[in-house]
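Please read the structure below before turning to the comments.
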Amino acid sequence: MKETEKKGNATSRRNFVKQSAVAAAAFTIVPRFVLGKGFRAPSDTLYIASVGIGGKGNSDIKAFVASGKAKSAFLCDVDQDYASKVFNMYPDAKRYIDWREMFDKEHKNFDAVHIATPDHTHAVVGSAAMQLGKHTWIQKPMAHDVYEARMLANMGKKYKVQTQMGNQGSSSDGVRQMSEWYDAGIIGDVTDVYCFTDRPVWPQGDHQANTPNGLKWPKETATPPSTLNWDLWQGTAPGKAYPIGQDQPGGIKVLPFNWRGWWDYGTGVLGDMGAHILHGPMTVLGLQYVSSVQTSVGGGGSLETGPSNSYTILHFPKSPKTNGPVKVHWMDGGILPPRPEELDPSELWGTRPMYSDGGMLFVGTKGKMVAGCYAARARLLPVSRMDEVNVPEKYARVKGGTEGHYAQWVEACLAGYGNMETSSPFEKAALLTEAMLMCNLAIRGANVPKAADPAAPAAADNFGRSRLVYPARYVNLNYDAANMKVTNVPEVNQFVKREYRAPWKLSGI
């Protein structure tokens, strides 16, 4: 063979190997979805589009990326100033203000959607993501209204995507340990569970109120910052003019955190802490839908804002894991259940560090068990029982526990729908979310007056002064879960499903 031919063949072979290597390298960075549902890309990298990144979204993204198998590919936020620190952390990620534009232009370039917007926009973004066939993570609460939770519940199955609500405690060792104790009969049958938190820590009701009589939306308006798309931020909520700030009398600060206290946007204390604390009893006892709810509220709650504290009792029918009905007592604003007599006399009850942000107490016929927020530091009471009880492990632990909640979803997305379970898929998360929102329905309903009857004389007190009647106060609200409605006080059913501001709507239901 001639030398030139040998050289030419060698060059061709080298070029072929080089070109093949380049092609392979290019292939490894192709997003997984290009291969179709259920297939894994050679890179094993999940490409995520995040909506709402300035607050909780920031820590979520860090945790996804820390798994080593996820890339923050697209970042979207209506508040460019608040989100700027996150934009700078991921300079390669493409930036958007309107998630609808991002979905429209980039849906072929990401595998999954992570949502950490205010509560009132969770469902519209999440439903649109799942309709596109994208694995979906929604921060707690999964939805703002009962109807939304029901609609989202089965969309993961419908569109064959992996879902997870951002309630990290559902991946904790504590909830699994308590489930094992309960299943083994260590504390007997449970009829009552007490859940409590020190929240709110934001303005709500008469807590840090902007007027002497409670929190009010200012009548005076201001110009939104140029870096904020105020109309897009309001999303599904009724349109309002941007309010004056705290630097003026009667002003408020809604962004970036205090929206939680306003019913139009947030879901109050339940939305903030309910998923972390109510998850314990819902899971351990296998609770399903609420049958009735009653509440007592205090501290300036109104049709605009939640109260500064509340005590609400959720009634659940017998479940496959209980011998009868169960009452779950929800307490917030610093209200605590009675101190368990099994505690050491010097031990602090219901406060830090043992009960950081809140906790739960199970009262059984043979004993008690208690844990903090996320079901952390679960233990039997009296603590001496911990040395006597040895129950075999029944429920597999999540690698990393509470913090492993994020990597678990990433792994599940890479595995593909149907190949791996998450701790809080939307089918389960919807039940928990609905229980939280039924608490809110009662709390909000306490300020709904009875509709006036034109044919009846106005109600009056003993001095002849007209007064409003509030039919949801001091009664049990009976809930028909199958039809999503309260049967004995119809005035509160307006909170089951709200009307969206045009043009917003749920997708793919």
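The values are calculated or read from the model by the stated rules, or taken from the named source; none is laboratory data. Given the structure is predicted, the values throughout are model-derived calculations rather than measurements. FYI the Cβ positions are ideal-geometry reconstructions off the backbone, even for glycines, and counts take in every protein chain you see. When the accessible area is computed, the model is the full protein with side chains, heavy atoms only, and any ligands, DNA or RNA have been set aside. Shrake-Rupley method; radii C 1.70, N 1.55, O 1.52, S 1.80 Å.
If you filter segment 436-453 down to residues that are aliphatic (A, V, I, L, M) and more than 13 Å from residue 474 (Cβ to Cβ), you find that the one that is modelled with the lowest pLDDT is 452. Could you list, in sequence order, all residues of segment 82-122 that are of a type in the set (Ser, Thr, Tyr) and under 25 Å from residue 260 (Cβ atoms)? Result: 82, 84, 96, 117, 121. Hey, among 275, 237, which residue is of a type in the set (A, V, I, L, M) and over 24 Å from residue 423 (Cα atoms)? Going through 275, 237 in turn, the sole match is 237.
Say we look at segment 186-212 and pick out the residues that are without any contact (Cβ under 8 Å) to a residue 12 or more places away in the chain and more than 22 Å from the chain's Cα centre (by Cα); which of these is farthest from residue 435 (Cα to Cα)? Step by step, filter segment 186-212, then rank; the result is 212. Being assigned to a loop (DSSP other than H, G, I, E, B), out of contact with any Phe, Trp or Tyr (no Cβ under 7 Å at 6 or more places or on another chain) and among the aliphatic types (A, V, I, L, M) is the filter here; which residues of segment 213-239 pass it? Residue satisfying the conditions is 215 alone. Listed by first and then second residue, the pairs with beta-carbon distance under 6 Å, at least 6 apart or on different chains, first residue in segment 274-286 and assigned to a loop (DSSP other than H, G, I, E, B), second open to solvent by 10 Å² or more (accessible area, probe 1.4 Å) and at pLDDT 95 or above, are 285/321; 286/320; 286/321.
Starting from residues that are among the aromatic types (Phe, Trp, Tyr) and outside any strand (DSSP E or B), keep the ones in segment 344-395 and report whichever is surrounded by the most Cβ atoms within 10 Å (Cβ to Cβ).
Going through segment 344-395, the residues among the aromatic types (Phe, Trp, Tyr) turn out to be 349, 355, 362, 374, 395.
Filter once more, keeping what is outside any strand (DSSP E or B): 349, 355, 374, 395.
Numbers: 349: 15, 355: 23, 374: 28, 395: 13.
In this case the residue turns out to be 374.
Within segment 475-491, being more than 16 Å from residue 317 (Cα to Cα) and either of a type in the set (D, E, K, R) or free of Cβ contacts under 8 Å to residues at least 12 places away in the same chain (or both) holds for 483, 485, 487, 490, 491. Screening the candidates 265, 242 for the property of being hydroxyl-bearing (Ser, Thr, Tyr), in contact with a Phe, Trp or Tyr (Cβ under 7 Å, 6 or more places away or on another chain) and open to solvent by 10 Å² or more (accessible area, probe 1.4 Å) yields one hit, 242. Contact annotation: residue pairs with Cβ atoms under 6 Å, 6 or more positions apart or on different chains, pairing a residue in segment 213-231 that is within 25 Å of residue 96 (Cα to Cα) with a partner that is open to solvent by 60 Å² or more (accessible area, probe 1.4 Å), are 227/81; 229/97.
Going residue by residue through segment 404-415, is there one that turns out to be surrounded by 23 or more Cβ atoms within 10 Å (Cβ to Cβ), in contact with a helix residue (DSSP H, G or I) (Cβ under 6 Å, 6 or more places away or on another chain), hydroxyl-bearing (Ser, Thr, Tyr) and at pLDDT 95 or above? For segment 404-415, residues surrounded by 23 or more Cβ atoms within 10 Å (Cβ to Cβ), in contact with a helix residue (DSSP H, G or I) (Cβ under 6 Å, 6 or more places away or on another chain), hydroxyl-bearing (Ser, Thr, Tyr) and at pLDDT 95 or above: present.
The residue that is least open to solvent (accessible area, probe 1.4 Å), counting only those in segment 218-235 that are within 13 Å of residue 254 (Cβ to Cβ) and either in contact with an Asp or Glu (Cβ under 6 Å, 6 or more places away or on another chain) or among the small types (Gly, Ala, Ser) (or both), is 228.
Of all residues in segment 316-343, those satisfying the criterion of being open to solvent by 30 Å² or more (accessible area, probe 1.4 Å), more than 16 Å from residue 380 (Cα to Cα) and part of a loop (DSSP other than H, G, I, E, B) are 317, 318, 320, 321, 323, 325, 333, 334, 335, 336, 338. Checking each residue in segment 349-376 for being basic (Lys, Arg) and modelled with pLDDT of 95 or more picks out 366, 368. Residues in segment 474-491 that are modelled with pLDDT of 95 or more and assigned to a loop (DSSP other than H, G, I, E, B) were compared, and the one that is surrounded by the most Cβ atoms within 10 Å (Cβ to Cβ) is 489. Filtering 128, 143, 123 for residues that are closer than 25 Å to residue 418 by Cβ, assigned to a loop (DSSP other than H, G, I, E, B) and at pLDDT 95 or above leaves a single hit, 143. Pick from segment 352-403 the residues that are under 21 Å from the mean Cα position of the chain (by Cα) and among the acidic types (Asp, Glu): which of them is nearest to residue 167 (Cα to Cα)? If we take residues in segment 352-403 being under 21 Å from the mean Cα position of the chain (by Cα) and among the acidic types (Asp, Glu), then 403 is nearest to residue 167 (Cα to Cα).
Note on segment 311-348: residues that are hydroxyl-bearing (Ser, Thr, Tyr) and under 20 Å from the mean Cα position of the chain (by Cα) total 1. Scanning segment 492-508 turns up no residue that is modelled with pLDDT under 95 and either among the β-branched types (Val, Ile, Thr) or more than 22 Å from the chain's Cα centre (by Cα) (or both).
Flag set for residue 307, criterion: touching a residue at least 24 places away in the same chain (Cβ under 8 Å), over 30 Å from residue 84 (Cα atoms) and either basic (Lys, Arg) or surrounded by 18 or more Cβ atoms within 10 Å (Cβ to Cβ) (or both).
Residue 177 meets the conditions (1) part of a loop (DSSP other than H, G, I, E, B); (2) out of contact with any Leu (no Cβ under 8 Å at 6 or more places or on another chain); (3) open to solvent by 10 Å² or more (accessible area, probe 1.4 Å) in every case but one. The failed one is (1). Under 8 Å between Cβ atoms, which residue pairs at least 6 apart in sequence (or on different chains) link something in segment 47-63 that is free of Cβ contacts under 8 Å to residues at least 12 places away in the same chain with a partner that is surrounded by fewer than 23 Cβ atoms within 10 Å (Cβ to Cβ) and β-branched (Val, Ile, Thr)? Sorted first by the residue in segment 47-63, then by its partner, the list stays empty.
Selection of helices (runs of 4 or more DSSP H) fully inside segment 1-116 by the criterion of at least 2 residues being modelled with pLDDT of 95 or more and open to solvent by 50 Å² or more (accessible area, probe 1.4 Å) returns 56-66, 80-89, 99-106.
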